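Chemist: One structure, pasted below without further comment.
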Amino acid sequence: GSAMGSPEEEGVTSAMIEEATGVAVEEHDSLEELELIFASALSCVCAPPGENSGLARCGRLRSLSLIDCGISRLGTLGPVSATLERLCLAGQRLTSLCELGGLPQLRFLYAQQNAVTALDGLS
């Protein structure tokens, strides 16, 4: 089967983070900020656990910016849920932000230029 039409969800990978930050994979646990722009391979922020989630190594991440990456759903933000304070999801294809309920530290959310129709789960 060709990989082009595969339905597998592509989340942020360690390779993407390394390319964007210049920080080696083994040091991703020291990152506090991450910005990815035009990472068109993405369909969700964080693929299911065990599937090479780059965010799984970023246990100290406080700021995550994803701009114009074509993301249609958030996926699980578990690896960074305890630390994430600022989340920018500008210019994506999100229709719902319901998966943001599990981010207790979140203070700033930027979600302009999306197709969000409901804010369920946000308190």
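The values are calculated or read from the model by the stated rules, or taken from the named source; none is laboratory data. Model, not experiment: these values are computed from the prediction. When we count neighbours, we look across all protein chains shown, and the Cβ atoms used for this are built from the backbone with ideal geometry, even at glycine. When the accessible area is computed, the model is the full protein with side chains, heavy atoms only, and any ligands, DNA or RNA have been set aside. Shrake-Rupley method; radii C 1.70, N 1.55, O 1.52, S 1.80 Å.
Chemist: Just to make sure I understand: if all protein chains stay in place, what is the order of Phe108, Phe38 by accessible area at 1.4 Å, largest first?
Modeler: Details: Phe108 110, Phe38 150 Å².
If we order Phe108, Phe38 from most to least accessible, we get Phe38, Phe108.
Chemist: Continuing with the same structure: Which of the trypsin sites (Lys or Arg not before Pro) across the range 73-123 are loop residues per DSSP, with 16 or fewer other Cβ within 10 Å?
Modeler: For trypsin sites (Lys or Arg not before Pro) across the range 73-123 that sit outside H, G, I, E and B with at most 16 neighbouring Cβ atoms in 10 Å, the list reads Arg93, Arg107.
Chemist: Can I ask one more? Using a 1.4 Å probe and ignoring any ligands, DNA or RNA, find the accessible area of Ile37 and quote it in Å² to the nearest 10.
Modeler: Rounded to the nearest 10, that gives 80 Å².
Chemist: Still on this structure: Given contacts defined as C-alpha pairs under 8 Å and at least six residues apart, what's the relative contact order of the chain, whole-number percent?
Modeler: About 21 percent, as a whole number.
Chemist: Express in Å², to the nearest 10, the accessible area of Ser14 obtained by rolling a 1.4 Å probe over the protein heavy atoms while all chains stay in place.
Modeler: Accessible area, nearest 10 Å²: 10 Å².
Chemist: A further question on this structure: Over the chain, with a Gaussian network built from C-alpha contacts below 10 Å, which listed residue (Ser72, Ser30, Ser53) shows the highest mean-square fluctuation?
Modeler: Comparing Ser72, Ser30, Ser53 in a Gaussian network model of the chain, the most mobile one is Ser30.
Chemist: Let me ask something else. Provide Rg and Dmax in Å for the chain, with only Cα atoms included in the calculation.
Modeler: According to the Cα coordinates of the chain, Rg and Dmax are 13.6, 43 Å.
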